[in-house]
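Taking it in order: structure first as structure tokens, then the write-up.
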Amino acid sequence: MAGAGLLFLVLGLGLIAWITGRARAAAFVKADRTNLNSLPSYHGWYMALFAVVPPLLFLAVWGAIVPALQTDMVLSAPAAQALPMDGFARASILSEARAIASGAQDTAFQPMAEQFVPLYRAAIAHYNWIAVAATVLLLFAGGTYAFTRLKPDFRARTKVERVVMGALLTASLIAIVTTIGIVASLIFETVRFFQMVNPIEFLFGATWNPQSTVTPGGDNGFGAIPLFWGTVFIGAIIAMIVAIPLGLMSAVYLTQYARPAVRKWMKPILEILAGVPTVVYGYFAALTIAPALRDFAAAVGIPGASSESALAAGVVMGVMIIPFVSSMADDSIAAVPNSMRDGSLAMGSTKSETIKKVLIPAALPGVVGGVLLAVSRAIGETMIVVMAAGLTANMTANPFASVTTVTVQIVQLLTGDQEFDSPKTLAAFALGLVLFIVTLLLNLVALRVVKRYREAYE
Amino acid sequence: MTDDNRRNEQLARIARNNMGEAAADVPSEPIGLADPKISARGVNVFYGAKQAIKDVSIDVGMDNVVAFIGPSGCGKSTFLRTLNRMNDTIPIARVEGDIRLDGEDIYSPKMDVVQLRARVGMVFQKPNPFPKSIYDNVAYGPRIHGLASGKAELDEIVERSLQRAGLWNEVSDRLSDSGTALSGGQQQRLCIARAIAVDPEVILMDEPCSALDPIATAKIEELIHALRGQYAIVIVTHNMQQAARVSQRTAFFHLGTLVEYGKTSEIFTNPREEKTKDYITGRYG
Ligand SMILES: Nc1ncnc2c1ncn2[C@@H]1O[C@H](COP(=O)(O)OP(=O)(O)O)[C@@H](O)[C@H]1O
Ligand SMILES: [Mg+2]
């Protein structure tokens, strides 16, 4: 609670700094009748930023180190001699005491924790005072410094501009740093996994039946080929068989045949498909499409039909991807210069011949790029396959059979009651890394293709 | 009969129009030819409510090259596109009047636009080869119209068309290269070869040299000379020297009307209309 109170204090004083800076600037105008370099509010912002930013940075750092300082203080008390030597027991007692002291917990489960509550209370209060004092000091120091710099010709406006730029840069860096962090942790855990399981077995093995304990060099059921196959079968084959023709044809219709009025309402409707939450598609696949396909397969006597099938997941995923393919194809076809179309029509070809023989071939690189992007989305898609594709690793080309995918197995491996460093959990990271690399490559290739294509018609 | 009467009446009106009062004593070049390939009478073109072509009548013969000149925006391209019904591809465009190819009304419901465009080929201002090989560009028309019965015949058509377009010697050893990789002038000759490949009767060219350098322009002009007589050729140009060099007849358009139409030599030496004279002497436009 002290943190929140402090935050309000800082912001409140910041507001006062803003008002002060602004009033000071206004006073310049009144006193000297001079023109300010910057508007009074910029002076206000300058002063407020100087007052508020250093204490906030301090508090951020402080928040990270203060628990350790508090614990040190508690441990330096004589009562700490009585704590058990075992690190885990010790930590659990201390953390319980801290929870009670800060009001997050009411009673102790470990009697010993009670002793430390007053000690923690004292430590927390001690450091709270330090925090408040340091914050207020920093705030006034910054505010005063800024106040002394305010002059009629002071360029508060450019200074504030620089701060704004810095804030924007930080925001974008956060995204980049997060990405790098995620990739680094994927790589790190994957390396740990490969210390237990041979990468050869993982990448080329054909049996997927992960075991909790592994025998080095033996077959541990971590062969991911069936998962890769399932992913490709659903995301890159079945889904694309549905999405490419439908997406392409709707793009051709929308760009070449539809009257503007029709295009105006049809295009947004198509794009709504892309906004449907994937879990809704998952329901649809699992509850409507999958049973219907199973009944159909049973009726015509197809063996191996299952209530969870590659076809159900793939078809629904294909439908989900249609707007993606169609909008990329739409853009590509629209980017083909009209002179191509006119050239073909002037040769005496019909509209559909022109589309088939000139427009689509000319737009093909862009369309291919769009399809690659769609594939990369499809193979990373999770919800539909979790709900409709099944869990059994299966190297089959029978679309009515149940197959499993990389994403499904990641979910499966991580939702069990597993130790974090068991090979089963770590395998999820290895699968994630493979998926990441493949989608990254697909995206890079696709973007290059599309870019090259755009340049061709610049 | 009534049809013919109407046409003759219009013809007379246009002729009167074209002569103008002051020039009534100059022997006039008849608008009507004895045996026109294309004959247009009373053509109006509208883009929405805006009229771009006003009551234009003109005959194009088989044996000469006709140049359309006039200031930018006067409707040359618009009128040219009425001759192969390319205006059909512009939704807001509407064409009125009577245009005949070998006496056949090209705007009649019985006319097959696809066939018409095979008979009346077109070359555009900006070279627009398809992003296909040189061979496929030229073979495009013959393929869609089924003009060749086999590979050998298609090869022959492609070679003959490229030869007529004066491009064969430059590309014969790289027919599978992309047509878009050629130079601008070569691309334009490729487009002419592509148009020739379907064996049209008329070739319409809309400022075919405006995107080309002088050397490439000279090549195209040579080519037009060589093609004269085999096809009826109409060329739109904003370059009066070019009109004088390549055409035997010239039509001067202004603000959507056909101001004057006659032998090129006469238009350039002794125009009947004041406006034509002003334009040719460069007083405006
Ligand atoms: N697609 C079109 N839609 C609307 N107006 C057009 C279109 N094409 C041409 N126009 C108009 O018709 C007139 C004649 O144009 P155009 O035939 O291109 O002239 P030119 O070829 O002689 O320069 C111009 O005023 C032009 O703005
Ligand atoms: Mg034009």
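Please treat every number below as a calculation from the coordinates, not as lab data. Bear in mind that the values here come from a model prediction, so they are computed numbers and not experimental data. Ideal geometry is used to build each Cβ from the backbone, glycine not excepted, and the neighbour counts take in all protein chains shown.
Has region A:208-222 got any residue that is among the polar types (S, T, N, Q) and touching a strand residue (DSSP E or B) at 6+ places or on another chain (Cβ under 9 Å)? Within region A:208-222 (the criterion being among the polar types (S, T, N, Q) and touching a strand residue (DSSP E or B) at 6+ places or on another chain (Cβ under 9 Å)), the answer is yes, since at least one residue qualifies. In this structure, B:VAL138 does not qualify as within 14 Å of another protein chain (Cβ to nearest Cβ) and within 16 Å of ligand 1 (Cβ to nearest atom). Selection of region A:9-40 for residues being out of contact with any Gly (no Cβ under 6 Å at 6 or more places or on another chain) and either surrounded by 17 or more Cβ atoms within 10 Å (Cβ to Cβ) or of a type in the set (Lys, Arg) (or both) yields A:VAL10, A:LEU13, A:GLY14, A:THR20, A:ARG24, A:ALA25, A:PHE28, A:LYS30, A:ARG33, A:LEU36, A:SER38, A:PRO40. B:ALA243 passes every criterion in (1) more than 16 Å from ligand 1 (Cβ to nearest atom); (2) more than 27 Å from B:GLU156 (Cβ to Cβ); (3) out of contact with any Leu (no Cβ under 9 Å at 6 or more places or on another chain) apart from (1). How many residues does region B:33-61 hold that are within 13 Å of ligand 1 (Cβ to nearest atom) and in contact with a strand residue (DSSP E or B) (Cβ under 9 Å, 6 or more places away or on another chain)? Residues flagged as within 13 Å of ligand 1 (Cβ to nearest atom) and in contact with a strand residue (DSSP E or B) (Cβ under 9 Å, 6 or more places away or on another chain) within region B:33-61 amount to 11. Note on region B:62-82: residues that are away from chain A (no Cβ under 14 Å), polar (S, T, N, Q) and more than 8 Å from ligand 1 (Cβ to nearest atom) amount to 1. Filtering region B:196-235 to residues that are within 16 Å of ligand 1 (Cβ to nearest atom) and either within 14 Å of another protein chain (Cβ to nearest Cβ) or among the small types (Gly, Ala, Ser) (or both) leaves B:LEU204, B:MET205, B:ASP206, B:GLU207, B:PRO208, B:SER210, B:ALA211, B:VAL234.
Evaluate region B:104-124: report whether one residue or more is within 11 Å of another protein chain (Cβ to nearest Cβ), in contact (Cβ under 8 Å) with a residue 40 or more places away in the chain, surrounded by 17 or more Cβ atoms within 10 Å (Cβ to Cβ) and not hydrophobic (A, V, I, L, M, F, W, C). Yes - at least one qualifying residue is present in region B:104-124. For region B:193-249, the set of residues classified as outside any strand (DSSP E or B) and within 16 Å of ligand 2 (Cβ to nearest atom) consists of B:GLU207, B:PRO208, B:CYS209, B:SER210, B:ALA211, B:LEU212, B:THR237, B:HIS238, B:ASN239, B:MET240, B:GLN242, B:ALA243, listed by residue number.
For (1) of a type outside the set (S, T, N, Q); (2) in contact (Cβ under 8 Å) with a residue 40 or more places away in the chain; (3) in contact with a Cys (Cβ under 6 Å, 6 or more places away or on another chain), each residue gets a yes or a no:
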{"residue": "B:LEU147", "(1), (2), (3)": "yes, yes, no"}
{"residue": "B:GLU153", "(1), (2), (3)": "yes, no, no"}
{"residue": "B:LEU162", "(1), (2), (3)": "yes, no, no"}
{"residue": "B:LEU167", "(1), (2), (3)": "yes, no, no"}
{"residue": "B:SER176", "(1), (2), (3)": "no, yes, no"}
{"residue": "B:SER183", "(1), (2), (3)": "no, no, no"}
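Of the helices (runs of 4 or more DSSP H) lying entirely inside region A:318-428, those carrying at least 3 residues that are touching a residue at least 60 places away in the same chain (Cβ under 8 Å) and over 22 Å from the mean Cα position of the chain (by Cα) are A:360-380. Set side by side, the residues B:SER247, B:SER265 differ, and just one is over 26 Å from B:GLY42 (Cβ atoms) and either polar (S, T, N, Q) or touching a strand residue (DSSP E or B) at 6+ places or on another chain (Cβ under 6 Å) (or both), which is B:SER265.
State whether the residues of region A:24-37 include one that is part of a helix (DSSP H, G or I), under 37 Å from the mean Cα position of the chain (by Cα) and under 30 Å from A:GLU161 (Cβ atoms). Within region A:24-37, not a single residue is part of a helix (DSSP H, G or I), under 37 Å from the mean Cα position of the chain (by Cα) and under 30 Å from A:GLU161 (Cβ atoms). In region A:320-360, the qualifying residues are those that are under 14 Å from B:ASN128 (Cα atoms) and surrounded by fewer than 17 Cβ atoms within 10 Å (Cβ to Cβ), and the one that is farthest from the other protein chains (Cβ to nearest Cβ) is A:ASN338. Answer yes or no as to whether B:PRO131 is facing chain A (nearest Cβ under 7 Å) and over 23 Å from B:ARG160 (Cβ atoms). Spelling it out, B:PRO131 is indeed facing chain A (nearest Cβ under 7 Å) and over 23 Å from B:ARG160 (Cβ atoms).
One line per residue, one yes/no per condition, for (1) touching a Lys or Arg at 6+ places or on another chain (Cβ under 9 Å); (2) at negative phi; (3) among the hydrophobic types (A, V, I, L, M, F, W, C); (4) surrounded by fewer than 16 Cβ atoms within 10 Å (Cβ to Cβ):
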{"position": "B:MET205", "(1), (2), (3), (4)": "no, yes, yes, no"}
{"position": "B:ILE220", "(1), (2), (3), (4)": "yes, yes, yes, no"}
{"position": "B:HIS238", "(1), (2), (3), (4)": "yes, yes, no, no"}
{"position": "B:THR264", "(1), (2), (3), (4)": "yes, yes, no, no"}
{"position": "B:ARG272", "(1), (2), (3), (4)": "no, yes, no, no"}
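Quick check: anything in region B:154-169 surrounded by 15 or more Cβ atoms within 10 Å (Cβ to Cβ), within 14 Å of another protein chain (Cβ to nearest Cβ), away from ligand 1 (no atom under 16 Å from the Cβ) and farther than 17 Å from B:GLY141 by Cα? No, region B:154-169 contains no residue that is surrounded by 15 or more Cβ atoms within 10 Å (Cβ to Cβ), within 14 Å of another protein chain (Cβ to nearest Cβ), away from ligand 1 (no atom under 16 Å from the Cβ) and farther than 17 Å from B:GLY141 by Cα.
In the set A:GLY380, A:GLY366, only one residue is small (Gly, Ala, Ser) and within 14 Å of chain B (Cβ to nearest Cβ); that residue is A:GLY366.
In this structure, B:PRO91 qualifies as within 16 Å of ligand 1 (Cβ to nearest atom) and surrounded by fewer than 22 Cβ atoms within 10 Å (Cβ to Cβ). Filtering region B:227-285 down to residues that are of a type in the set (Lys, Arg) and touching a residue at least 40 places away in the same chain (Cβ under 8 Å), which residue is farthest from B:VAL65 (Cα to Cα)? Checking each candidate, the answer is B:ARG272.
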